[in-house]
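Note sheet for the following structure.
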Amino acid sequence: TELAESPFNQNIGKHPGEPNVMEPALLADPFTGYGELREQGPVVRGRFVDDTPVWFITRFEEAREALRDQRFANDPKFAGNGNGESPTSRMLEMMGLPEHYREYLAGSILTMDAPDHTRLRRLVSRAFTARKITDLRPRVEEIADTLLRRLPDHAENGAVDLIQHFAYPLPITVICELVGIPEADRPQWRTWGSQLISVQPESLREAFPAMIEYIHELIRERRAALTDDLLSELIRVHDDDGSRLSDIEMVTMVLTLVLAGHETTAHLIANGTAALLTHPDQLRLLKSDPELLPRAVHELMRWCGPVQMTRLRYAVEDVELAGVRIAQGEAVLPLLVAANHDPRHYADPARLDVTRQPAGRAENHVGFGHGMHYCLGASLARQEGEVAFGKLLAHYPDLTLAVEPDTLQRIPLPGNWRLTALPLGLN
Ligand code: HEM
């Protein structure tokens, strides 16, 4: 229904031969749909949600090349659609939000380029050092244990929705604790989070200003009594020297971290669990050897990662990629899902193989992106994944899917591979 009501549906099929990311076939089975485009070529013409013409980058090597190439900018001001309008202005117009909010959208690390991106990334990277993430592990385990012990209390007709009662609460609790969002406000964040990604103008119009106001208020409160959370750290940096971190950047950073930090990880946990339960041989392997967990997380990210495309990038000058000329102002869209299943890079890419990846930290997929915008929370997300799968199987070794696999529903959002629910039998 969400899809049927979307104002963007009118764009589907408008330009024959230029597939729109909202097309039902691409939403239902992006692996096949974008896989076919990948076999047409590494750089293929398509359309974004709002009908913006884009170049899909479909293959592993070319996707990495595009994501590394600084001639492709994230700032939508480089978008030249011929009408001087960027997708950001159209988005604001569609939401019916005042101009003022443009600054918050523009203040996000995701829509910035060097040197501002470098400055912000350096500031916030301090909170995401390997050491800090490792230190957090016992707390992540504790939160997972608590949630898992309570799972049976949520059973209805013998089944528990893993998304509702584990996959969501685990990462949102972790990121809120890290950032410093009070426990009582977490359900509100979850509501805002789903409103924001809903592609529904009214929901966006409601959620966006509310979140921004909330963060401003939280900053006012926290300033009176700084702690050791990330918010306090950002306030210290800001108050120490406003040229290092502006007011709006501070608010947008908190917003980005909370949103980027929970929805994605929740769906890695859900997709991964569903994948393991429908591949009993792989599940058995993992249960017999928990040392495989880090590799299994790499492989699940590749095989069914929750983020299937990056944001749009815009050519700041004419660029040639894989023999295709991309003109200044045109948009490219790296298709992580197609790259992660590129037969030029992986033997038998459709096969789930939890022993596939090299051990340790080495990562052989683009599910977290690549280049300077490579996911800031990747090591946290991987750790949460390892803890989630490990603890889930330890608590409930006889876990089963409570419904037929082909009845599982996905949320029809381009670039997001998300189940609506994952009903499990705990046995
Ligand atoms: C960037 C995926 C978890 C924070 C990205 C990008 C991807 C991604 C693909 C690059 C986007 C682009 O280049 O356009 C994921 C996935 C996750 C996950 C699949 C979980 C499985 C997290 C977590 C956090 C986080 C837990 C925060 C704690 C960020 C931030 C950026 C980012 C701040 C922007 C980095 C920059 O622009 O320099 N993520 N992410 N992500 N992610 Fe994640």
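The values are calculated or read from the model by the stated rules, or taken from the named source; none is laboratory data. The structure presented is a predicted model; accordingly, all values stated were derived computationally and were not measured. Heads up, the Cβs are rebuilt from the backbone with ideal geometry, glycines too, and the neighbour counts pull from every protein chain shown.
Residues to consider are L105, L110, L120; find the one that is in contact with a Ser or Thr (Cβ under 7 Å, 6 or more places away or on another chain), part of a helix (DSSP H, G or I) and at pLDDT 90 or above.
Unique residue meeting the criteria: L110.
May I ask you to say which residue of T265, T278 is more than 13 Å from the ligand (Cβ to nearest atom) and at pLDDT 95 or above?
Criteria check complete, one pass: T278.
Is there any pair with a first residue in the range 129-146 that is over 10 Å from L170 (Cβ atoms) and in contact (Cβ under 8 Å) with a residue 40 or more places away in the chain and a second that is part of a helix (DSSP H, G or I) and of a type in the set (K, R) whose Cβ atoms are under 8 Å apart and which are 6 or more apart or on different chains, and what are they?
E141/K391; D145/K391
If I ask for residues that are of a type in the set (G, A, S) and either within 15 Å of P209 (Cα to Cα) or modelled with pLDDT under 80 (or both), which ones from the range 68-102 would you list?
Once the filter is applied, which keeps residues that are of a type in the set (G, A, S) and either within 15 Å of P209 (Cα to Cα) or modelled with pLDDT under 80 (or both), the range 68-102 yields G82, G84, S86, S89, G96.
Go through L204, L218 for me and flag whichever is part of a helix (DSSP H, G or I) and over 25 Å from F128 (Cα atoms).
L204
When residues of the range 247-262 are filtered for being among the β-branched types (V, I, T), near the ligand (Cβ under 8 Å from one of its atoms) and in contact with a Gly (Cβ under 7 Å, 6 or more places away or on another chain), how many remain?
0
Can you tell me how many residues in the range 228-246 are within 14 Å of the ligand (Cβ to nearest atom) and buried (at least 19 other Cβ atoms within 10 Å of the Cβ)?
The qualifying residues number 3.
For the range 123-161, what are the residues that are surrounded by 12 or more Cβ atoms within 10 Å (Cβ to Cβ), near the ligand (Cβ under 10 Å from one of its atoms) and either closer than 13 Å to L380 by Cα or modelled with pLDDT of 95 or more (or both)?
A127, F128, I133
Regarding E177, is this residue over 18 Å from L393 (Cα atoms), within 16 Å of the ligand (Cβ to nearest atom) and among the acidic types (D, E)?
Against the criterion (over 18 Å from L393 (Cα atoms), within 16 Å of the ligand (Cβ to nearest atom) and among the acidic types (D, E)), E177 qualifies.
At least 1 residues that are away from the ligand (no atom under 15 Å from the Cβ), touching a Pro at 6+ places or on another chain (Cβ under 9 Å) and closer than 21 Å to A79 by Cβ in each: list the strands (runs of 3 or more DSSP E) lying fully within the range 306-417 that qualify.
Per the criteria, 319-321, 324-326.
What about E36, is it out of contact with any Gly (no Cβ under 9 Å at 6 or more places or on another chain), away from the ligand (no atom under 16 Å from the Cβ), part of a helix (DSSP H, G or I) and of a type outside the set (A, V, I, L, M, F, W, C)?
Criteria met by E36.
From the list E320, E330, which residue is within 29 Å of S108 (Cα to Cα), surrounded by fewer than 16 Cβ atoms within 10 Å (Cβ to Cβ) and not β-branched (V, I, T)?
E320
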